[in-house]
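Structure first, commentary second.
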Amino acid sequence: MKFLTSLTTARVLVILGLFLTLGSVTATFGHLGKSEFLFRGPVDAGVTHAWHHMFREAIHDIAAIIGLLFMMFASPRYRNASMWGGMMIAAIGLYAGYWLGIPINPGFAAPPGVEPSHIAQAVFVIAGLLVARRHYQLPVIT
């Protein structure tokens with residue numbers, strides 16, 4: 001059972017989830033420059049402004065991925081509960097956008113067929129962080 005709580009297991013789960021996430025990041029970069037992703041009608045910022053937001057999203061995703069990997073491989077002396085909390089916030093921020101907007105506007109949902117990938121990405125990363133949690137807790141000093 002030690003395998004299920006090891007930091008190596010946690011790292012493998014997170015890496016697998018982040019590897020799957022790269023598919024979504026690549027897809028976002030792939031939308032840039034395509035006419036299907038232009039704003040229709042008059043837009044003060046210009047019809048290509050949606051590309052700006054897609055590019056920003058992809059860069060934010062890459063930053064979150066690098067940050068999560070940096071913290072997952074931090075030296076034991078730097079691992080603490082605050083770092084683990086930061087990792088969880090970064091992961092929730094990375095994946096919440098897949099679903100948070102749907103109640104506001106169903107058009108914010110991912111295209112059909114993409115949902116299983118989004119679920120796998122989030123589940124692997126969050127599961128890895130939950131397994132890692134005990135390795136980021138400071139011992140209680142009495």
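Within the stretch 24-33, the set of residues being loosely packed, with under 14 Cβ neighbours inside 10 Å, modelled with pLDDT under 95 and outside any loop (DSSP other than H, G, I, E, B) comprises GLY30 only. The single condition among (1) at pLDDT below 90; (2) in contact with a Ser or Thr (Cβ under 9 Å, 6 or more places away or on another chain); (3) part of a helix (DSSP H, G or I) that PHE39 does not meet is (3). Whether a residue is of a type in the set (D, E, K, R), over 18 Å from THR26 (Cα atoms) and either part of a loop (DSSP other than H, G, I, E, B) or under 19 Å from the mean Cα position of the chain (by Cα) (or both) was assessed, and ARG77 does not pass this test. Regarding the stretch 57-73, can at least one residue be identified that is assigned to a helix (DSSP H, G or I), touching a residue at least 60 places away in the same chain (Cβ under 8 Å) and either touching a Lys or Arg at 6+ places or on another chain (Cβ under 7 Å) or not hydrophobic (A, V, I, L, M, F, W, C) (or both)? Looking through the stretch 57-73, at least one residue is assigned to a helix (DSSP H, G or I), touching a residue at least 60 places away in the same chain (Cβ under 8 Å) and either touching a Lys or Arg at 6+ places or on another chain (Cβ under 7 Å) or not hydrophobic (A, V, I, L, M, F, W, C) (or both). Out of everything in the stretch 34-66 that is surrounded by 13 or more Cβ atoms within 10 Å (Cβ to Cβ) and among the β-branched types (Val, Ile, Thr), what residue ends up being farthest from ILE92 (Cα to Cα)? Result: VAL47. Scan the stretch 117-137 and give yes if some residue there is in a loop (DSSP other than H, G, I, E, B), modelled with pLDDT under 90 and exposed (fewer than 11 other Cβ atoms within 10 Å of the Cβ), otherwise no. Looking for residues that are in a loop (DSSP other than H, G, I, E, B), modelled with pLDDT under 90 and exposed (fewer than 11 other Cβ atoms within 10 Å of the Cβ), one finds none in the stretch 117-137, hence no.
Go through the stretch 1-50 and give me each residue that's among the charged types (D, E, K, R) and within 22 Å of the chain's Cα centre (by Cα). Residue satisfying the conditions is ARG11 alone. For THR21, the conditions (1) closer than 27 Å to LEU130 by Cβ; (2) surrounded by fewer than 16 Cβ atoms within 10 Å (Cβ to Cβ); (3) in contact (Cβ under 8 Å) with a residue 12 or more places away in the chain; (4) not small (Gly, Ala, Ser) all hold with the exception of (2).
The condition (being at pLDDT below 95, out of contact with any strand residue (DSSP E or B) (no Cβ under 6 Å at 6 or more places or on another chain) and either farther than 21 Å from ILE15 by Cβ or not in a loop (DSSP other than H, G, I, E, B) (or both)) is satisfied by just one residue among GLY86, GLY113: GLY113.
The values are calculated or read from the model by the stated rules, or taken from the named source; none is laboratory data. Just so we're clear, the structure is a prediction, and the values are computed from it rather than from any experiment. We place every Cβ from the backbone using ideal geometry, glycine too, and count neighbours over all the protein chains shown.
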